[in-house]
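Reviewing the structure listed below.
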Amino acid sequence: TALKEAIGVLTENYGEQLKNRIYDERGNLRRFVNIYVNGRDIRFLNHLDTELNDEDKISIIPAVGGG
């Protein structure tokens, strides 16, 4: 299973509100959302096509900014 499919299951279960927080209106990941698989940033893996195993841990973390 790819990460994109796992996120699809989450957004099906938790609705459009979650989907809109993860993806922009074009279907791309929002810039401020960081996703990690087993503590590794997906930008350094295979992005949303990162393959998952049953034991993998996915972390979806919104970036926090301010000043």
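The values are calculated or read from the model by the stated rules, or taken from the named source; none is laboratory data. Remember, it's a predicted structure, so these values are computed and weren't measured experimentally. Glycine also receives a Cβ, built like all others from the backbone with ideal geometry; neighbour counts cover every protein chain displayed. Accessible surface is based on the protein model in full, side chains and every heavy atom, while ligands, DNA and RNA are left aside. Shrake-Rupley method; radii C 1.70, N 1.55, O 1.52, S 1.80 Å.
3J(HN,Hα) along the stretch 50-64, derived from phi through the Karplus expression 6.51 cos²θ - 1.76 cosθ + 1.60 where θ = phi - 60°, amounts to 4, 6, 10, 10, 4, 8, 5, 10, 9, 10, 10, 10, x, 6, 10 Hz, with x in place of Gly and Pro. Amide H contacts of Y23: R30, each under 5 Å away and 5 or more positions distant or on a separate chain (H built 1.01 Å from N in the peptide plane; Pro and chain starts excluded).
How much net charge surrounds N34 when only the other residues with a Cβ under 13 Å from the Cβ of N34 are counted, with Lys and Arg +1 and Asp and Glu -1? Please list the in-between numbers first.
Working: positive: R21, R30, R31, R40, R43; negative: D41.
Cβ neighbours under 13 Å give a net charge of +4.
In order along the stretch 23-38, the Karplus-derived 3J(HN,Hα) couplings, from 6.51 cos²θ - 1.76 cosθ + 1.60 at θ = phi - 60°, round to 10, 7, 5, 8, x, 8, 4, 5, 4, 8, 9, 10, 10, 10, 10, 6 Hz, and Gly and Pro are given as x.
Here the chain exposes an accessible surface that is 46 percent carbon and sulfur, computed with a 1.4 Å probe and the other protein chains kept in place.
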